[in-house]
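Input: a single structure, listed below in structure tokens.
The values are calculated or read from the model by the stated rules, or taken from the named source; none is laboratory data. Small disclaimer: the values here were computed from a predicted structure and weren't measured. Here Cβ is always computed from backbone atoms with ideal geometry, including for glycine, and neighbour counts include all displayed protein chains. Note: areas computed on protein heavy atoms with side chains; ligands, DNA, RNA excluded. Shrake-Rupley method; radii C 1.70, N 1.55, O 1.52, S 1.80 Å.
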Amino acid sequence: MADVSRETPVIEPEPADAVEAFFGPRADLVRRYTASLAAHGEERGLIGPLELPRLWTRHVLNCAAAAPLFSGRVGDVGSGAGLPGLVLAIARPDVEWVLIETMERRVAWLTEQVSDLGLENVEIVRTRAEEWNRGATLDAVTARAVSAFRTLVPLTAPLVRDGGELILLKGANAQTEIAAAEKAIRRFRLTDVRVEVVGDAVLAEPTRVIRATVR
């Protein structure tokens, strides 16, 4: 009898309506990216072995739902596999994306994907957020699955210009994370800190985002 536990997970079927809704004429680009991530993500240490059956809904579309929130020049801290940075760069070619990643193998992956997909609106910077030396120059910073909000605030807020935003993709405990970050919120002078739900018209499980203005 076959050992079911050792069988290769099957990638989740594409939710075609959602993909078209979020990506429109650029849907083929996100299909190529997702196929590459499915084929090579585990072996390259980008995604876990259990993620293929939920790759579209839990990861790609979860990121894409936040795309309308961004404008200008946006940093993605801890870009990793490109979630959310590459997905957002595909969905929003009118926005400039700076993917900030420190691990060499992940930077290599991001560089390959940017080249393969022909993304002209992406810059990759190999550095830690705390070692960013360009000053508070970004219009917004995002991050996903990097750390708790109270830990992310000191890593992300210094990168953002006065009046810019933190737009951080979070899970169901987003409101609790805000409550736990009271000291960091005061220290970095964040205002209008709130949770927003996006993608609920398209996704069964919408995306939760912590937004805050940096002053």
Probe 1.4 Å, heavy atoms of protein chains only: per residue, the accessible area of segment 170-215 in Å² is 60
Charges only on Cβ, +1 for Lys and Arg, -1 for Asp and Glu: so what's the dipole of segment 47-105 about the Cα centre, in debye to the nearest 20?
-> 180
Please report Rg over Rh for the chain, where both radii come from the alpha carbon positions and Rh follows the Kirkwood definition.
-> 0.97
Among beta bridges assigned by DSSP with both residues in segment 121-215, the antiparallel ones amount in percent, to the nearest 5, to 75
Heavy atoms of E104: accessible area, 1.4 Å probe, square angstrom to 10 = 130
Accessible surface ranking that places the most exposed of S147, S115, S79 first, with a 1.4 angstrom probe | S115, S147, S79
Taking only the alpha carbons of segment 139-215, what extent do you get along each of the three principal axes, in Å, biggest first?
-> 36, 25, 21
Place the peptides 96-102, 81-87 in order of packing, highest mean first, counting for every residue the other Cβ atoms within 10 Å and averaging per peptide.
-> 81-87, 96-102
Distance in Å, no decimals, from the C-alpha centre of segment 104-138 to the one of segment 175-211 is 25
Counting all Cα-Cα pairs in segment 105-154, those more than 13 Å apart amount in percent to 70
Note down the magnitude of the dipole of segment 141-193 about its Cα centre, charges +1 on Lys and Arg C-beta and -1 on Asp and Glu C-beta and zero elsewhere, to the nearest 20 debye.
-> 160
Take the solvent-accessible surface of the protein heavy atoms, probe 1.4 Å, and return the percent of it on the chain that carbon and sulfur atoms account for.
-> 49
Whole number in Å², please: accessible area per residue of segment 63-108, 1.4 Å probe, ligands, DNA and RNA not counted.
-> 27
Please work out how much accessible surface D94 shows to a 1.4 Å probe, ignoring ligands, DNA and RNA, in Å² rounded to 10.
-> 110
Can you give the net charge of the other residues whose Cβ lies under 12 Å from the Cβ of A108, counting K and R as +1 and D and E as -1?
-> +1
Mean 1/r over all different Cα pairs, inverted: what Kirkwood radius does segment 5-55 give, in Å?
-> 11.8
For the chain, the longest principal axis of the Cα atoms and the Cα long axis of helix 104-117 enclose an angle in degrees, to the nearest 10, of 70
Name the shape class, rounded, prolate or oblate, that the alpha-carbon gyration tensor gives for segment 42-164, where a ≥ b ≥ c are the square roots of its eigenvalues, rounded holds for a/c under 1.5, and otherwise prolate holds if a/b is larger than b/c and oblate otherwise.
-> rounded
Place a +1 charge on the Cβ of each Lys and Arg in the chain and a -1 charge on the Cβ of each Asp and Glu, then give the dipole magnitude about the Cα centre in debye, rounded to the nearest 20.
-> 900
Per-residue ellipticity at 222 nm for the chain, helices alone: DSSP H runs ≥ 4 residues times -39500 (n - 2.57), over residue total, nearest 500 deg cm²/dmol?
-> -8500 deg cm²/dmol
Among T176, L117, I100, the residue whose Cα sits farthest towards the positive end of the charge dipole of the chain, when +1 is placed on the Cβ of each Lys and Arg and -1 on the Cβ of each Asp and Glu, is T176
Residue by residue, what Karplus-based ³J(HN,Hα) values in Hz, rounded to whole numbers, does segment 136-143 have, using 6.51, -1.76 and 1.60 with θ = phi - 60° and x for Gly and Pro?
-> 7, 10, 8, 6, 7, 10, 10, 6
Assign one of three labels to segment 6-96, namely rounded, prolate or oblate, based on the Cα gyration tensor with a ≥ b ≥ c the square roots of its eigenvalues; rounded applies when a/c is under 1.5, prolate when it is not and a/b is larger than b/c, and oblate otherwise.
-> oblate
Segment 118-179: C-alpha pair distances exceeding 19 Å, % | 36
On a C-alpha basis, how far is the centre of segment 10-35 from the centre of segment 45-83 in Å? Whole number, if you could?
-> 13
